[in-house]
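One structure is given below, encoded as structure tokens.
The values are calculated or read from the model by the stated rules, or taken from the named source; none is laboratory data. Predicted model only: the values in this text are computed from it and were never measured. Cβ: placed from backbone, ideal geometry, glycine included. Neighbour counts: every protein chain shown.
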Amino acid sequence: MEALIFDVKRFAVHDGPGLRTTIFFKGCPLSCLWCHNPESQSFNIEVCKAERKVGDRTTFYDKEMGYFSSVESLMDIIRKDSLYFEESGGGVTFSGGEPMMQIDFLLAVLMKCKEADIHTAVDTSGFASWDSFQKIMPYTDLFLFDIKHIDSEKHRLLTGVDNSVILDNLSKITNFGKKVWIRIPAIPTCNTDDNSISNIIHFIAQLKSDAISQINILPFHKLANHKYSNLGLQNCLTGINEPTSDEIQAIKQKFEILRIPILTKG
Ligand code: SF4
């Protein structure tokens, strides 16, 4: 069995507790306007322009994005950092793209991690069948679960899909008592107005609170702009500014009413 992967990041510190190896699966059913990994969206191997700097000279070459990996070759990479996981309370995080879209492979590698006593996290948009979530739940220690917007029509405009299955899955996961970190991308003009934030807070407030151990606010950034041009994709948010640290602090303060630890990234 193989999965289409587009990157592996070792020693990641933002994708769950401790030091982590993050595996990025390629392919996502969403197309968020702000996606900072646009190379993760296609379910196929793509060719993009990549830069190579030699001294003052910059040259471009064609780079393949994505490769197929077996469970065993991925486990070889994951096991390399077992010692760091043990010492830091870390583990492995499956991200993307949407890892739930390659569910049989994800299940197989999660089971191997459990056999090896490695902490596992799945970073998901939540847009997958409940059946898929049920399959992986026994082998997943933590879900990093996005809430992008509560209004379903706005969600569809911003991400390409309706949010009903996403919010439903999040409610069910928390009812099962699974540990969840909720991640909220803070995207000016899309979801940072008072009404959008207040709706997200109300939604979280009615979830089973002891399952949610952290809220992450992820500020919009422009670091991925070059990826859009390298892939020949249209970047719809070029005219939008990154939120200031004061704006992020103001959003954070609103979430404090939930009495759940909040971490802002960036
Ligand atoms: S869910 Fe994540 S990977 Fe998929 S399009 Fe949105 S931001 Fe990109």
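Residue under question is Ser209, and the condition is that it be closer than 20 Å to Val13 by Cα, surrounded by fewer than 19 Cβ atoms within 10 Å (Cβ to Cβ) and either in contact with a helix residue (DSSP H, G or I) (Cβ under 6 Å, 6 or more places away or on another chain) or among the small types (Gly, Ala, Ser) (or both); does it hold?
no
Can you tell me how many residues within the stretch 48-79 are outside any strand (DSSP E or B) and touching a residue at least 60 places away in the same chain (Cβ under 8 Å)?
Result for the stretch 48-79: 4.
Just one of the numbered conditions (1) within 22 Å of Phe11 (Cβ to Cβ); (2) within 13 Å of the ligand (Cβ to nearest atom); (3) in a helix (DSSP H, G or I) is not true of Val109; which one?
If we test Val109 against (1) within 22 Å of Phe11 (Cβ to Cβ); (2) within 13 Å of the ligand (Cβ to nearest atom); (3) in a helix (DSSP H, G or I), just (2) comes out false.
Just give me the residues in the stretch 13-24 being within 14 Å of the ligand (Cβ to nearest atom) and either over 22 Å from His221 (Cβ atoms) or in a strand (DSSP E or B) (or both), in sequence order.
Correct list: Thr22, Ile23, Phe24.
Do you know which residues across the stretch 25-47 are surrounded by fewer than 17 Cβ atoms within 10 Å (Cβ to Cβ) and either away from the ligand (no atom under 14 Å from the Cβ) or in a strand (DSSP E or B) (or both)?
Asn44, Ile45, Val47
Specify which of the listed residues (Ile173, Ile150, Ile182, Ile201) is at pLDDT 95 or above, over 18 Å from Cys28 (Cβ atoms) and part of a strand (DSSP E or B).
Ile182
Between a residue in the stretch 158-174 that is away from the ligand (no atom under 14 Å from the Cβ) and among the hydrophobic types (A, V, I, L, M, F, W, C) and any residue that is at pLDDT below 95 and in a helix (DSSP H, G or I), which pairs come within a Cβ distance under 9 Å, given they are 6 or more apart or on different chains?
Once the first residue is away from the ligand (no atom under 14 Å from the Cβ) and among the hydrophobic types (A, V, I, L, M, F, W, C) and sits in the stretch 158-174, its partners that are at pLDDT below 95 and in a helix (DSSP H, G or I) give Ile173/Ala211.
For the stretch 18-29, what are the residues that are closer than 20 Å to Ile147 by Cα and under 12 Å from the mean Cα position of the chain (by Cα)?
Matches in the stretch 18-29: Phe24, Phe25, Cys28.
Given the criteria among the charged types (D, E, K, R), over 24 Å from Ser70 (Cβ atoms), free of Cβ contacts under 8 Å to residues at least 40 places away in the same chain and buried (at least 17 other Cβ atoms within 10 Å of the Cβ), does Asp146 qualify?
Yes.
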